[in-house]
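Below is one structure, written out as structure tokens; the observations come after it.
The values are calculated or read from the model by the stated rules, or taken from the named source; none is laboratory data. Bear in mind that the values here come from a model prediction, so they are computed numbers and not experimental data. Don't worry about glycine lacking a Cβ; one is built from the backbone with ideal geometry, like all the others, and counts go over all protein chains shown.
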Amino acid sequence: MEEWLIEFLIRILFESIVADAKLRNNWIKYDFEDFRRRSQQSSLNFLRETFFLIGAFIMLIITCALCGVACMLSYVLRGDYYHRQQTREREELRILEERFCEAGTVNEFDKFD
């Protein structure tokens with residue numbers, strides 16, 4: 001997802017450079033200082049910076065969301081694993097208790113709550 005977003009932002013930046021060069025009919029000389037000379041070009045520069053900041057913010061939000069989902073999934077899986085382990089131990093204790101009862105030995109095991 002991040003690679004797609006980076007590619008999208010690079011494409012927007014490239015398209016804005018091409019659009020600016022087409023508007024000015026100046027394909028040979030293209031300089032960053034030329035953006036500040038006219039109001040159209042300064043507004044295009046402002047749009048580029050805005051797209052960059054919005055893209056960086058979106059990437060930050062996506063990264064945080066992915067980390068949050070990974071943490072929640074890890075928590076759920078850990079809880080499920082712990083629950084299954086307890087169930088398995090209870091079942092083993094029940095089987096052992098049944099075998100001791102069949103053998104005539106009465107022994108109470110500590111049961112998990």
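A quick yes/no check of all residues on (1) in a helix (DSSP H, G or I); (2) modelled with pLDDT of 90 or more; (3) loosely packed, with under 10 Cβ neighbours inside 10 Å:
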residue: Leu23; (1), (2), (3): yes, no, no
residue: Asn26; (1), (2), (3): no, no, no
residue: Leu47; (1), (2), (3): yes, no, no
residue: Ile54; (1), (2), (3): yes, yes, no
residue: Phe57; (1), (2), (3): yes, yes, no
residue: Ile62; (1), (2), (3): yes, yes, no
residue: Cys67; (1), (2), (3): yes, yes, no
residue: Leu77; (1), (2), (3): yes, no, no
Any idea which of (1) modelled with pLDDT of 65 or more; (2) surrounded by fewer than 10 Cβ atoms within 10 Å (Cβ to Cβ) is the one Ser39 doesn't satisfy? (1)
